[in-house]
Amino acid sequence: MSTRMPCRGRLLGVVAATFVLLVSQASAQQQFLAKGGQAEAVIVVGHEGDNFDHWVAGELQRYVEQLSGAELSIVSSDRIPPQKLLIVVGSPESNPLVASAEEKELVSFAGLKPGGLVLKTVDLEGRPAVLVGAGDETGTMYAAYELLERLGIVFQLSNDIIPQQKPDLPLPSLDVRMEPAFKDRGMFCWHQIRWYMGLKELRQEIDQLAKLKMNVFQFYWGIGGPWAEFSYDGKKAEIFGIKESGFVAWASDVVTWGRSSGTADSVIVGRECFREDGYMGPPEFANVQTQEEAYRTAREFLREVIRYAHSRKVQVWLAMGETPYVPPNLIPPESKKFRSFYCGTAIPHGDPAMLDIWEAAVQSMIESYPEADRYCVVSGPEHLFEADLPQTQALIRDYDHLRPLLPQKSKADSDIDLADVAVADKLIRRIKDRYPETKLGVQLIFRGGQLRPLDAVLPKDVALMNMVNFRRPPSEYEMDYFDGIQGRDLLVWPRITDDGCDLHMQLNATLYDERDNTIRDAVRYGLTGVLGQLHKSRGAEQSAQYIAEGAWNPDISAQSFYQRYLRRLYGSDALDLMLKAFLLLEANEREMGWDVRRVGVLLNIWKAGSNFAYLLRKVDYQAEKLELDRQEVEKAIEVAEQRREFWDDRVADCRQALGLLQQARPKVLPGSLDELDYVTYKTENFATALEVLSAAEDAKIAFDGALLAMSDGKADEVDKQLEQTQTAVDRADRLVREAAEQMIPFAHIPTERHILWVFNNGFPFHERARAYLAEVVAFRKAETQGEKP
């Protein structure tokens with residue numbers, strides 16, 4: 001054996017040396033865009049000096065330097081330095097090198113859809129080159145961002161992430177031809193909910209839309225906002241907004257969704273995170289004191305949004321809603337009034353003033369912003385209004401022949417749908433008469449059943465869009481309503497974030513797959529676009545990314561999406577744990593948001609304060625004989641116990657996901673640790689907020705138990721249950737403050753600062769609940785001691 005060992009050792013040495021030699025030769029053959037942080041390539045644009053291609057080249061240069069440390073020079077096609085690899089940017093029309101490559105049949109742009117892109121590695125002019133091009137400027141920009149993503153950069157709705165630095169960037173072998181599945185892809189953004197956002201935030205969001213290869217930014221407001229100044233019957237519409245916010249915040253005395261004072265003066269926990277003067281609106285509106293100033297500032301603001309979006313090849317669609325709401329000060333004295341909402345006060349569909357007011361408002365929208373790309377009216381409102389009034393019945397009489405096109409409903413419900421259809425038709429035709437070439441659209445909120453009647457009466461150049469409502473039963477599956485409609489722009493309006501769920505990361509990928517079939521059925525029914533409802537950017541990255549990718553890849557699924565997204569962002573080593581965590585959070589989201597018993601968890605959270613104020617049953621506890629419906633109270637206790645179990649299960653899921661995230665942390669790519677920290681914070685914060693709801697149910701159960709004991713004359717049980725109530729109230733109060741304190745380190749993010757403010761709005765209600773309990777306990781103590789309460 002000893003005589004053979006040296007021979008075997010020499011053989012192994014030869015094999016090892018051969019392997020090293022082969023690796024060295026392969027390395028020598030490998031070519032690089034950047035090597036050791038030094039540039040090995042140049043970016044080539046057309047010598048005619050196309051400004052947009054130069055800007056795209058600048059984006060490539062900027063991000064490659066961030067990724068590798070290498071600054072690639074930008075050169076024109078007639079001044080290419082020797083011995084450098086080429087990144088050739090542009091179309092055959094803008095760059096002679098691209099034209100040459102096409103002439104030599106190295107690449108083809110024939111038949112490429114608008115916005116479609118090509119990435120191809122070729123041998124050009126005797127040297128390796130990556131063609132980054134398209135048939136138009138938009139596609140060239142998309143090609144550049146696609147290349148950067150393939151090199152290792154992650155673009156999200158709210159930020160850019162470089163998971164790991166790469167001083168060496170090998171020349172990629174590419175043969176990519178991509179086209180969008182939908183011509184219109186973007187986000188619907190409601191500024192009255194995001195009223196803290198100024199131009200800086202909106203420009204950043206538009207930048208990110210372009211990087212995600214989305215091309216529509218829809219700016220929405222309720223009629224009566226400062227964005228369109230108009231008059232009716234000699235009176236100017238008063239802005240339905242809060243003065244302290246510069247008139248941009250949602251005007252209501254309800255706490256939900258941040259509708260409050262418009263200042264940070266009420267903040268108890270985290271006041272240091274806000275401006276000293278308490279102002280929270282866009283900086284551009286900080287000095288606005290009058291409605292005239294608000295109208296003027298709003299016009300300048302929105303015109304700049306449109307200008308900037310166009311510079312990034314993003315269309316701006318303006319939208320105003322909801323019919324039949326109108327500004328309260330314009331309502332004639334004789335008009336019947338329904339409920340008030342963020343967009344004013346509703347009046348009957350058949351009231352002639354309603355159409356006249358809306359015509360003036362839409363006309364102002366068009367004339368104030370002629371550069372916008374489309375103008376939309378949100379009809380088919382979220383709330384239903386009676387249609388049996390004589391005026392409304394007269395309105396819908398001419399539309400009765402459309403009734404067979406509606407879903408099977410009662411006549412009363414069908415009348416409401418016909419009233420919406422009639423208003424949309426008459427309004428659009430009035431606007432078309434005045435602006436025949438203007439692109440218009442009608443948007444519906446959970447009213448997919450109105451799509452076919454609208455298609456039957458509206459001109460074909462008017463777009464139709466419907467927000468799908470995942471809470472409807474499968475028998476009312478709203479995507480099916482698009483079936484059979486042809487020859488017009490059709491768009492689906494899925495929720496990225498809902499206005500009741502902004503506290504947590506609203507993960508909707510499985511919702512889009514399993515409940516709404518958003519992308520697949522949009523292709524199936526020939527839709528031309530998808531616009532996600534977006535009420536915040538930070539914390540909505542995953543759902544927005546799914547819609548953005550699905551708009552180019554209709555075969556997307558939740559599983560495939562998360563595998564690709566998480567691998568790119570966090571790395572292959574962390575993929576398994578991260579995937580388990582996100583799918584668990586998705587399942588938790590399904591339990592909270594898909595169930596028709598719940599109207600959005602954050603709606604409960606943000607209203608936790610006001611709910612908590614009424615959580616402890618209001619009774620005349622000083623009455624000689626307590627009036628109590630025993631059966632009702634016992635049933636309430638049973639329901640509260642079920643709710644407490646539900647919230648505890650949701651907390652457990654969040655805690656389990658947190659454990660997975662913490663296990664993954666050592667395996668996550670270094671540049672993504674901050675993103676992981678944010679995801680961890682949102683999950684922890686949400687678990688704490690859910691624990692508030694569990695504690696609230698505990699308080700409700702114990703207090704109702706005390707009331708039953710009072711009714712039975714069981715003094716010891718009363719005291720025991722009141723003590724348990726106090727313990728639960730104290731726990732809920734502690735948890736609310738703890739949740740707010742968790743937000744403070746992240747309050748530099750505008751979205752998180754706004755949520756901190758909203759969360760603080762619930763604190764006074766907790767104090768009221770505590771005060772009510774103290775009254776009951778004091779009365780009980782005085783009573784047991786024989787004192788006069």
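For the full complex of protein chains and a 1.4 angstrom probe, list Thr784, Thr323 by accessible area with the highest value first. Intermediate values should be presented prior to the final figure.
Working: Thr784 85, Thr323 0 Å².
Solvent-accessible surface, decreasing: Thr784, Thr323.
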Mean separation of Cα contacts under 8 Å, 6 or more apart, over the residue count of segment 88-151: relative contact order %: 34
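Taking only protein heavy atoms and a 1.4 Å probe, what accessible area per residue, in Å², does the chain have with all protein chains in place? Present the calculation step by step, with values, prior to reporting the outcome.
Details: 31600 Å² over 789 residues.
Ligands and nucleic acids excluded, the figure is 40 Å² per residue.
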Inter-site label distance for Arg430 and Glu48 at 7 Å from Cα along Cβ, in nm: 4.7
With 5 Å bins from 0: P(r) over segment 216-358, alpha-carbon pairs, percent: 2, 10, 16, 18, 18, 15, 12, 6, 2, 1, 0
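Any idea what the relative contact order of segment 624-701 is, in percent, if you count C-alpha pairs under 8 Å spaced at least 6 apart? If you can, show how the numbers build up before the last one.
Values: 45 pairs, mean separation 41.2, N = 78.
Answer for segment 624-701 is 53 percent.
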Sequence-separation-based contact order of the chain, relative, with Cα cut under 8 Å and 6+ spacing, percent: 10
Protein-only accessible surface order, largest first, of Leu577, Leu503 at 1.4 Å: Leu577, Leu503
Pair His310, Asp356: separation of 7 Å Cα→Cβ label points (nm): 3.5
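Say the cut-off is 32 Å between C-alpha atoms; which of Lys35/Lys682; Lys104/Lys439; Lys213/Lys580; Lys409/Lys580 go over it?
Too far apart for the 32 Å limit: Lys35/Lys682; Lys104/Lys439; Lys409/Lys580.
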Rounded to 10°, Cα long-axis angle of helix 51-68 versus longest principal axis of the chain: 90
Whole-Å distance, taken between Cα centres, linking segment 37-112 and segment 384-425: 58
Pairwise FRET efficiency - Arg203 versus Glu334, Cβ, R0 = 45 Å, nearest 0.05: 0.45
Estimated FRET transfer efficiency when R0 is 51 angstrom, pair Glu624-Glu386 (beta carbons, to 0.05): 0.70
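Per 0.36 nm of contour for each residue apart, how much would the distance between Asp265 and Asp576 grow if the chain were fully extended, relative to their Cα-Cα spacing?
Additional length available on full extension: 107.4 nm.
Taking a 1.4 Å probe, which of Glu478, Glu437 shows the most accessible area, and what order do the others take after it?
So the residues, ranked largest to smallest area, are Glu437, Glu478.
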Per-residue ³J(HN,Hα) for segment 686-696, Karplus 6.51 cos²θ - 1.76 cosθ + 1.60, θ = phi - 60°, Hz, x for Gly and Pro: 5, 4, 5, 5, 5, 5, 4, 5, 5, 5, 5
Calculated diffusion of segment 722-766, Stokes-Einstein form, Kirkwood radius summed over Cα pairs, 37 °C and 0.692 mPa s, µm²/s: 289
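Ignoring ligands, DNA and RNA, what percent of the 1.4 Å accessible area of the chain is carbon and sulfur? Please report the intermediate quantities before stating the final value.
Values: 15440 of 31600 Å².
Reported share for carbon and sulfur atoms: 49 percent.
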Among (i) 42, 38, 22; (ii) 53, 34, 26; (iii) 51, 38, 24, the entry that matches semi-axes √(5λ) of the Cα gyration tensor in Å as calculated here: (iii)
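The values are calculated or read from the model by the stated rules, or taken from the named source; none is laboratory data. In this text, all values refer to a predicted model and were calculated from it rather than measured experimentally. Heads up, the Cβs are rebuilt from the backbone with ideal geometry, glycines too, and the neighbour counts pull from every protein chain shown. Protein only, heavy atoms only, side chains kept; ligands, DNA and RNA dropped before computing areas. Shrake-Rupley method; radii C 1.70, N 1.55, O 1.52, S 1.80 Å.
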